[in-house]
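The values are calculated or read from the model by the stated rules, or taken from the named source; none is laboratory data. Quick caveat, the model's predicted, so the values are computed rather than measured. Here the Cβ positions follow ideal geometry from the backbone for every residue, glycine too, while neighbour counts run over all protein chains shown.
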């Protein structure tokens with residue numbers, strides 16, 4: 001296994017014989033490609049703590065539980081996170097009547113979108129470039145995957161219309177065409193596990209023909225369970241490159257075959273994925 005200071009970690013010693021057959025690639029969006037929503041956790045956690053504790057002092061054990069849940073649920077549908085919150089409010093019993101999951105989600109998004117909309121406005125006015133809000137090397141990696149004949153998909157726990165808009169403003173929607181799957185509150189057809197299974201079934205793929213790329217445990221775990229090759233992205237979202245040690249840990253625990261800090265070494269990464277060779 002390579003050291004975390006290198007550009008690649010390999011967590012599956014049986015991986016080399018499975019490489020070289022990738023035809024389809026599913027990407028997570030936030031934290032994997034886009035950093036427009038960087039800092040979302042520090043918006044969601046206070047919303048959850050306020051909902052659970054109300055006017056009461058915040059119990060340290062409640063904060064520990066909330067932070068742990070937000071970390072391990074990174075990547076799932078936002079409405080599912082809010083459903084967990086409803087259950088937590090009831091379980092702790094510090095507030096007489098919880099709001100609905102939809103109401104909690106609206107409150108969270110109202111706060112989060114203040115910063116996200118400011119970032120989008122800076123892009124639309126030309127004060128910032130799309131590269132300022134993409135993980136380093138992401139656009140080149142996407143373009144080179146397409147040039148190798150791979151079909152790309154985008155799946156996110158963020159609402160569908162928002163994902164489409166943000167991918168467009170970042171200039172990467174074109175790589176996915178109509179294959180963008182953001183969250184739908186009225187059904188779970190765009191949940192990542194369903195999208196992964198849909199890609200496998202509709203294209204009659206063996207697991208090794210699908211690559212799943214993400215920074216959260218959800219897409220990595222769901223991809224690994226279905227035999228896909230899994231590439232974790234453990235990037236420092238503030239600077240858009242370099243290792244984030246906490247992400248390394250959670251991606252390893254989720255079963256990522258490979259982990260990279262960003263896409264800066266995309267030429268070597270593409271050669272490894274598409275041209276069978278020993279992985280050391």
With criteria (1) out of contact with any strand residue (DSSP E or B) (no Cβ under 7 Å at 6 or more places or on another chain); (2) part of a loop (DSSP other than H, G, I, E, B); (3) over 30 Å from residue 271 (Cα atoms), residue 136 comes up short on (3)
Return the only residue of 147, 129 being farther than 24 Å from residue 71 by Cα and not assigned by TED's automatic domain parsing to the domain that holds residue 26.
129
Scan the stretch 112-120 and tell me whether some residue there is closer than 30 Å to residue 266 by Cβ, in contact with a strand residue (DSSP E or B) (Cβ under 6 Å, 6 or more places away or on another chain) and modelled with pLDDT of 95 or more.
no
Of the conditions (1) in a loop (DSSP other than H, G, I, E, B); (2) surrounded by 20 or more Cβ atoms within 10 Å (Cβ to Cβ), the single one that residue 247 does not satisfy is (1)
Filter the stretch 76-90 down to the residues that are within 17 Å of the chain's Cα centre (by Cα) and assigned to a helix (DSSP H, G or I) and list them by number.
78, 79, 80, 81
If I go through the stretch 174-219 residue by residue, how many of them are touching a strand residue (DSSP E or B) at 6+ places or on another chain (Cβ under 7 Å), in a helix (DSSP H, G or I) and closer than 20 Å to residue 134 by Cα?
2
Provide a single number: the residues in the stretch 97-121 that are farther than 14 Å from residue 37 by Cα and in a helix (DSSP H, G or I).
7
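Here's the yes/no breakdown for (1) surrounded by fewer than 18 Cβ atoms within 10 Å (Cβ to Cβ); (2) not in a loop (DSSP other than H, G, I, E, B):
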| residue | (1), (2) |
| --- | --- |
| 17 | yes, yes |
| 20 | yes, no |
| 25 | no, yes |
| 39 | yes, no |
| 44 | no, yes |
| 47 | no, yes |
| 52 | no, yes |
| 55 | yes, no |
| 74 | no, no |
Only one residue in 52, 76, 58 is in contact with a helix residue (DSSP H, G or I) (Cβ under 7 Å, 6 or more places away or on another chain), over 23 Å from residue 240 (Cα atoms), in contact (Cβ under 8 Å) with a residue 24 or more places away in the chain and outside the structural domain of residue 232 (by TED's automatic domain parsing), so which one is that?
52
The stretch 232-242, residues that are surrounded by fewer than 24 Cβ atoms within 10 Å (Cβ to Cβ) and either within 18 Å of residue 272 (Cβ to Cβ) or without any contact (Cβ under 8 Å) to a residue 24 or more places away in the chain (or both):
239, 242
